[in-house]
Amino acid sequence: MAENEKKTVPSVEGMEAHIDTWRGLIKNKQRGIFAFDELVEIKLKALKKRIYTDFENTAPWKMRECIYKDIGDYEYLYDGWKDLDVGGYWGGNGLSSFFKNKITIPERFEGKKVTLYVYFGGDSLVSVNGVPFQGLDPFRNAVVLTDCAKAGDTYDIDIESYFVWHSNESSLKKLECSFIATTDDEINEIYWDLKAVYNALFMPGMGNDYATLIRESLKEAFQYVDFDEPDFDVFKAKLRMCKKVLYDRVYNNPNYKCMGKLDLIGNSHLDMVYMWAYKEFVRKVGRTHATMLRLMEQYPDFIFSQSQAGMYEEMRVHYPNIFEQVQKRVKEGRWEYIGGMWVEPDCNIISGESFVRQFLHGVRYAEKWFGVTPKTCWLPDVFGNSYCMPQIMKKAGMKYFVTHKMGIWNDTNPWLYNSFWWEGPDGSKVFAAVPPTHFIGSMEPDSLKTNWVKYSDKDTIGESMYCYGWGDGGGGVDNEMLEYVKRYKNFPGLPETKACKIEESLENMRQKAIAAGDKIVTWKDELYLEEHRGVHTTKAALKKANRYCENLFREAEMYAVIAESYGYEYPTEELALAWRKILTNQFHDSLPGTHITEVFGKLMSIYDEVIETGERVRNEALAVIAEHIGYDKNIGKPFALFNSLANAATTKVELDYQDVDIFDENGSKVATQAYTKPNGEKKLVFVAKDIPAVGYKVYYKMPAAKAPAYEESNGKEIENDSFKLVLDDNATLVSIYDKKNR
């Protein structure tokens, strides 16, 4: 097919419409469309079709639908594979499906870049020749197979798709498009040049002069977009004139300069649980990060930042090929390992020791697997932060703290500071940033402008952090965003923008905050997020289990260390693994209870596993210690009561009922009481006094002394230390005298 011949790309219109619809829904944008704007959009869509210079259909696909039961565990709905062609439907709520195809490069594609365009309507992971390669989602449907094709080469394509979680999903998904194509990079560049200028029309507060500049520039530029030109080379020559107009009139325009700087942070917040279970999070890890790796190949200046050691560990276990590529990108300096914690946990409910363990396991992991030591506590999505955190962060080596929700979610008292020093009760300080816009962000100019307009420290720091990339459910940065990153570096009406790492941005701001002195506020309190206060009480069973585990593992570790001196083998790996499960369960949508029902049951089952481990280790260690206590067996059968607290304790002790007396270590008898529980269990209780701090106290059991069957009396008076009773000749009670309360 000749390059200058007009073509209709198969099914691309439906696919583009689908992507445009999703983009509008997710961004929740409502823009008024006028006649000029509508005309521009029509021309942009027409130009986008010209990017494709040749194509080859790749449908039908082989399909096998299934239920994703757990990580690596699938229940197939039928034997064998079915055919699915473009326009065909698959799935149903909660279902997954595998698709496979073999693609052969035709001779006419020799030496060209070849891209697979396919979209099944769900969130998907594409594997090429058996290796996980890239994700597909509502914002991306293109997979670059090769930059220099060889005719006859074949690619085995396997795709695993999932019915995505959004609540307005239909009951079935459709194969929107399926073809391979060659593309013209120059037309692609000019398309994005035009699109970026067009988007500037929607920047807030720019005035009529600016709008006129953009409109008139687009009108002049589109005069050189001649869709009726039959000669492809002439068509492209005219497009170059279009590009020249845009750069002369807009991109290189010295007017409309805006003070300040935006640091562009490519990221993808990834919730371990939320509207999906943990098993789906694991698949999201593969999809999202395979895509980021492919974008790094296509955009040499792309920098990506990602957090959570627990997330990286799932990547290492389930997607080792992706993990190895990420390690190389971290070493190269283009992938930033951010955040010092194991996960991004709830920061109100967990104990101080849990905070310490989050940093301990998180920093160790980063150093072991990536050779970096994080300096940032990165918690964009947590529901408020405890006042104790600056002290713990400082001791964990953190210099910076970042959270987003304080700036965008408070429902009563607006948060006023985008940059501040956060000081804990002991005087420890870290530099803190609360960016003025969400951690999920597009790269459109109205969003960039909004960030700068809201920024509180224009005059003191003059540099704001702007996060872009799809998040919560992953996805990350897309091609559109990166095309805009290239074009909005020094764009009229916008602050200067620069793609950079999070810690580079924070250090720049920190140095400027130091220079600003007292103009930067010091905050000495918790960060209380009003909007989400209900999470402190919902699903209380999770909170109870977490606190029990925190206390249990303190005891298990303490007694195991003591027992080690008596020959007990300290279970280092077993306790570390259990702690990591506790830390993972503290994720900010797990412990607070902000998740679907399926998640709750799984979390509780994990707590059951962890508690079994903790109690077993604790009891094994106590048994070893107890064997080495000196007892006086002349008193009776010994038993020891241990106190793990840092202070002496007096407490009620409850034993299964035995007909025994209890004696302390001095041989003195201890008062006991027998009683029966409502369920019929008989118990023997006594009060153990002054058990030493982090120590023990020995007690002894002896068979109970038998009381006499009867006792002689004078016949009419019965008396003990407390009462005196008088009877008449018929043994009828005549009087009762309380000797103690007379």
**Prompt:** For K394, are the conditions met, namely being modelled with pLDDT of 95 or more and among the basic types (K, R)?
**Reply:** yes
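If you take the residues of the stretch 631-676 that are β-branched (V, I, T) and part of a strand (DSSP E or B), which of them is modelled with the lowest pLDDT?
T676
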**Item:** Residues located in the stretch 282-306, provided they are in contact (Cβ under 8 Å) with a residue 40 or more places away in the chain and farther than 11 Å from Q134 by Cβ
**Value:** V282, R283, K284, V285, Y299, D301, F302, I303, F304, S305
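Report yes if some residue within the stretch 447-465 is within 21 Å of F139 (Cα to Cα) and in a helix (DSSP H, G or I); otherwise report no.
Narrowing the stretch 447-465 to residues within 21 Å of F139 (Cα to Cα): 447-448.
Okay, now just the ones that are also in a helix (DSSP H, G or I), so 447-448.
Yes, the stretch 447-465 has at least one match.
Rundown of residues vs (1) over 24 Å from the mean Cα position of the chain (by Cα); (2) more than 14 Å from R510 (Cβ to Cβ), yes/no style:
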{"site": "M389", "(1), (2)": "no, yes"}
{"site": "A396", "(1), (2)": "no, yes"}
{"site": "Y400", "(1), (2)": "no, no"}
{"site": "M406", "(1), (2)": "no, yes"}
{"site": "G424", "(1), (2)": "yes, yes"}
**Request:** Starting from residues that are out of contact with any Cys (no Cβ under 6 Å at 6 or more places or on another chain) and farther than 22 Å from G469 by Cα, keep the ones in the stretch 377-393 and report whichever is surrounded by the most Cβ atoms within 10 Å (Cβ to Cβ).
**Result:** P390
**Request:** Identify the residue in the stretch 415-446 that is acidic (D, E) and not in a strand (DSSP E or B) and, among all such residues, is nearest to L494 (Cα to Cα).
**Result:** D446
**Asked** Would it be correct to say that S419 is over 25 Å from D589 (Cα atoms) and either of a type outside the set (D, E, K, R) or modelled with pLDDT of 95 or more (or both)?
**Response** yes
**Residue satisfying all of: in the stretch 287-298; surrounded by 24 or more Cβ atoms within 10 Å (Cβ to Cβ) and out of contact with any helix residue (DSSP H, G or I) (no Cβ under 6 Å at 6 or more places or on another chain); farthest from P492 (Cα to Cα) among these** = R287
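Applying the selection to the stretch 357-386, what residues are part of a strand (DSSP E or B), touching a residue at least 60 places away in the same chain (Cβ under 8 Å) and under 21 Å from F304 (Cβ atoms)?
Step one: filter the stretch 357-386 for residues part of a strand (DSSP E or B), giving 376-378, 385.
Then keep just the ones that are touching a residue at least 60 places away in the same chain (Cβ under 8 Å); that gives 376, 378, 385.
If the condition is that a residue be part of a strand (DSSP E or B), touching a residue at least 60 places away in the same chain (Cβ under 8 Å) and under 21 Å from F304 (Cβ atoms), then T376, W378 are the ones that fit.
Could you pull out the residue among K261, K279, K331 that is of a type in the set (K, R) and either touching a Pro at 6+ places or on another chain (Cβ under 6 Å) or outside the structural domain of M398 (by TED's automatic domain parsing) (or both)? Reasoning before the result, please.
Numbers: K279 fails: either touching a Pro at 6+ places or on another chain (Cβ under 6 Å) or outside the structural domain of M398 (by TED's automatic domain parsing) (or both); K331 fails: either touching a Pro at 6+ places or on another chain (Cβ under 6 Å) or outside the structural domain of M398 (by TED's automatic domain parsing) (or both).
Just a single option satisfies the conditions, and that option is K261.
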**Request:** Return yes when T650 is loosely packed, with under 11 Cβ neighbours inside 10 Å and either in the same structural domain as V561 (by TED's automatic domain parsing) or in contact (Cβ under 8 Å) with a residue 24 or more places away in the chain (or both) and no when it is not.
**Result:** yes
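For the stretch 48-159, which fully contained strands (runs of 3 or more DSSP E) count at least 2 residues that are hydroxyl-bearing (S, T, Y) and at negative phi? Give the derivation first.
Details: elements: 52-57, 61-70, 73-76, 82-84, 96-104, 114-119, 123-128, 131-136, 142-146.
Counting at least 2 such residues, we get 52-57, 73-76, 96-104, 114-119, 123-128.
Going through the stretch 477-522 one residue at a time, which ones are among the small types (G, A, S) and surrounded by fewer than 18 Cβ atoms within 10 Å (Cβ to Cβ)?
Of the stretch 477-522, the ones among the small types (G, A, S) are 493, 499, 505, 513, 515-517.
A515, A516, G517, listed by residue number.
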**Request:** Please enumerate the residues belonging to the stretch 394-443 that are among the acidic types (D, E) and buried (at least 17 other Cβ atoms within 10 Å of the Cβ).
**Result:** E423
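Where in the stretch 243-347 are there helices (runs of 4 or more DSSP H), lying wholly inside it, with at least 1 residues that are more than 25 Å from A578 (Cβ to Cβ)?
Details: elements: 278-298, 309-318, 320-332.
Per the criteria, 278-298, 320-332.
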**Prompt:** Taking the stretch 340-356, which residues are in contact with a Phe, Trp or Tyr (Cβ under 9 Å, 6 or more places away or on another chain) and farther than 17 Å from Q308 by Cβ?
**Reply:** N348, E353
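Looking at G630, G680, which one is surrounded by fewer than 12 Cβ atoms within 10 Å (Cβ to Cβ) and within 49 Å of the chain's Cα centre (by Cα)? Before the answer, list the steps.
Values: G630 fails: within 49 Å of the chain's Cα centre (by Cα).
Sole residue among the options that is surrounded by fewer than 12 Cβ atoms within 10 Å (Cβ to Cβ) and within 49 Å of the chain's Cα centre (by Cα): G680.
The values are calculated or read from the model by the stated rules, or taken from the named source; none is laboratory data. Please read these numbers as outputs of a predicted model, since none were measured by experiment. Every residue, glycine among them, receives a Cβ derived from its backbone with ideal geometry; neighbour counts consider all protein chains shown.
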